[in-house]
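Let me begin by presenting the structure, written as structure tokens, before commenting on it.
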């Protein structure tokens, strides 16, 4: 497959932090939206963007907890949003659009990982519905605020996309549920969403990116049993994080999504998957979980997923 998935030599790496990639960048007067921007990587993303001068809207399923976590940060506003509830997505978007503001950056950061089998809406598998369909509906409903500013839309995926492509014959896992493969499907969907959004939006000045933030211990792991995290070598028996090679701090984990949203190095680019603050290479043939798999950047699958998502959510800004 011909691909734009090749490093550009950004000068940053896996150890770069969100503050590092924003050094010298003034975001005064810019408005960002960061889903889940009050916990884990999202909190570090919000902190770094506001430090650089941006204002940040943080939609949150638990607004009270979000306001508590963000206390002391200036330039932040919180509103209610449950990505697993399409009525909540619609209501949030309507409230935001009523403000008449335009968005410079949208960072689709919120998500769930490896949860027990859960159904939302009309029986949809929760990881696909929350991580992908909720963000799909949100971006399409916010399109009147995204297009005028020539925004960047950043879809936070994961190397977990290596676990599974889109299971077209059983997207909702009716025939046996595997929490990690379901997570993989949702993360593949996050990449395909950026591929197709960029194709549809680039002529209107909007670009989209997806990314792997790295391995970081955050509240994203809340559904994993302690024993499983110990077996993976992430924590000790007292629950303390272990110094695992390749694991990042939250400040480092937030760097790639902040770089994707703001870096002038990405001007004129889009539709690509990033890792370690650079464009990722295609995944190696040896099965190492690095780079991006072909199934996640296939334009035919991206277009097919867009159509399915538009049908399920009832919204398509490009119809």
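The values are calculated or read from the model by the stated rules, or taken from the named source; none is laboratory data. On a predicted model such as this, the values are computed, not experimentally measured, just so you know. Don't worry about glycine lacking a Cβ; one is built from the backbone with ideal geometry, like all the others, and counts go over all protein chains shown.
Quick notes on this structure:
- A single member of 192, 211, 138 is in contact (Cβ under 8 Å) with a residue 40 or more places away in the chain, buried (at least 24 other Cβ atoms within 10 Å of the Cβ) and not in a helix (DSSP H, G or I), and it is 211.
- Some residue of region 121-132 being surrounded by fewer than 24 Cβ atoms within 10 Å (Cβ to Cβ) and within 21 Å of residue 261 (Cα to Cα): no
- Residues located in region 276-304, provided they are at negative phi, modelled with pLDDT of 95 or more, in a loop (DSSP other than H, G, I, E, B) and within 18 Å of the chain's Cα centre (by Cα): 280, 293, 297
- Those residues of region 167-184 which are within 15 Å of residue 119 (Cβ to Cβ) and touching a residue at least 12 places away in the same chain (Cβ under 8 Å), in sequence order: 171, 172, 173, 177, 179, 182
- In region 141-171, the qualifying residues are those that are at pLDDT 95 or above and in a helix (DSSP H, G or I), and the one that is farthest from residue 318 (Cα to Cα) is 162.
- For region 172-183, filtering for residues that are touching a helix residue (DSSP H, G or I) at 6+ places or on another chain (Cβ under 6 Å) and either surrounded by 17 or more Cβ atoms within 10 Å (Cβ to Cβ) or at pLDDT 95 or above (or both) leaves 4.
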